[in-house]
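Take a look at the structure set out below.
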Amino acid sequence: MSLVVLLTDFGEKDGFVGVLKGVMLSINPSLRFIDLTHHIEPFNITEGALVLKAHYRYFPKGSIFLGVVDPGVGSQRKAVAVRCGDYFFVGPMNGLFDLALEDIKKPIECRLIENFTLPRVNETFHGRDVFAPVCGYLSKGVPLELVGRKIEYEFLLKWEKAVEFEDRVEGKLTYFDRYGNAITNVPCARYSKAVFRGEEIKVVSHFLAGERGKLNSLCGSFGYMELFVPLASARQLFNLELGERVVFYF
């Protein structure tokens with residue numbers, strides 16, 4: 001049985017997630033699903049890309065990732081199905097898949113979705129009418145080549161990489177998780193300290209090793225360095241904002 005992993009900004013109120021699954025099950029009744037998350041901040045492609053990049057590798061080979069964070073739905077942005085390494089990615093070509101594809105470091109086969117859509121496509125809901133049916137057919141073993149013509153994959157995400165120097169790496173805050181921890185764009189490595197807002201911050205190995213009531217840092221599960229406060233929200237306690245600069249020293 002094939003597995004489809006869903007990542008969207010739909011939330012759970014309006015039935016949008018359920019109808020995606022209904023369409024796919026109508027095509028392949030034996031299909032399995034995992035909801036990675038449906039709580040990406042609305043329209044936040046960067047957040048969706050970061051979450052997908054952090055987690056895709058922990059799913060079985062052959063998994064199909066259905067990603068819908070699609071503020072450009074119905075516009076000229078391309079609807080695509082992609083194979084890279086051991087995985088498939090189906091959704092809008094708007095940067096949502098960029099970080100994962102870059103991380104896989106394998107050739108990318110990108111197909112413009114021209115076939116297997118529902119007969120009547122609503123231009124406000126390509127998740128249901130375009131992406132879900134394609135995932136359903138791919139899960140049944142339909143070759144990717146039949147989805148549509150081959151096109152060049154375009155990396156469109158405006159992702160600012162951390163800058164590495166001889167003694168340090170300079171980055172910024174890019175995402176807040178549910179606990180108020182601040183994930184940076186600085187890749188995990190062995191750092192001696194961090195500096196944020198002119199103050200030195202300890203680098204520790206796990207959350208409870210940090211000092212209570214103070215900012216600390218560690219290598220988080222996203223694969224990037226994080227700022228945190230033990231058993232509290234760093235975001236709230238220190239009024240952290242996305243884009244603030246942070247420096248980690250080797």
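The values are calculated or read from the model by the stated rules, or taken from the named source; none is laboratory data. Keep in mind the model is a prediction, meaning the values are calculated, not measured. Cβ coordinates were reconstructed from backbone atoms using ideal geometry, including for glycine residues, and neighbour counts include every protein chain displayed. We work out accessible area using only protein heavy atoms, side chains counted, and drop any ligands, DNA or RNA first. Shrake-Rupley method; radii C 1.70, N 1.55, O 1.52, S 1.80 Å.
Quick notes on this structure:
- Anisotropy class of the stretch 1-142 from Cα gyration tensor, a/c 1.5 cut: rounded
- Applying the criteria of a DSSP loop state and at most 11 other Cβ atoms within 10 Å to the trypsin sites (Lys or Arg not before Pro) of the stretch 1-80 yields 13, 61.
- Charge dipole of the chain (Cα centre as origin; +1 on each Lys and Arg Cβ, -1 on each Asp and Glu Cβ, all else neutral): 500 debye, rounded to the nearest 20.
- Net length gained if the chain between residue 164 and residue 33 were fully extended (0.36 nm per residue, minus Cα distance): 43.2 nm
- In the stretch 58-162, the C-alpha radius of gyration followed by the widest Cα-Cα span (Dmax) gives 13.2, 45 angstrom.
- Projected over all directions and averaged, the alpha-carbon convex hull of the chain occupies 14.3 nm².
- 188, 219, ranked by accessible area, largest first (probe 1.4 Å): 219, 188
- Relative protection proxy for 224-232, 239-247, from highest mean packing down: 224-232, 239-247 (other beta-carbon atoms within 10 angstrom).
- Relative packing of 39-49, 208-218, which averages over residues the other C-beta atoms within 10 Å, highest first: 39-49, 208-218
- Rounded to two decimals, the Cα radius of gyration of the stretch 159-220 over 2.2 N^0.38 Å is 1.10.
- The residue 112 and residue 195 beta-carbon pair, evaluated with R₀ = 41 Å, returns a calculated FRET efficiency of approximately 0.30.
- Extended-chain gain in nm, criterion 0.36 nm per residue less alpha-carbon gap, residue 156 and residue 44: 39.0 nm
- Surface calculation, 1.4 Å probe, protein heavy atoms: residue 177 sits at approximately 40 Å² accessible.
- Isolated Cys in the chain, by beta carbon distance under 4.7 Å: 84, 110, 135
- Rough spin-label spacing in nm, given labels placed 7 Å along Cα→Cβ, for residue 231 and residue 12: 2.8
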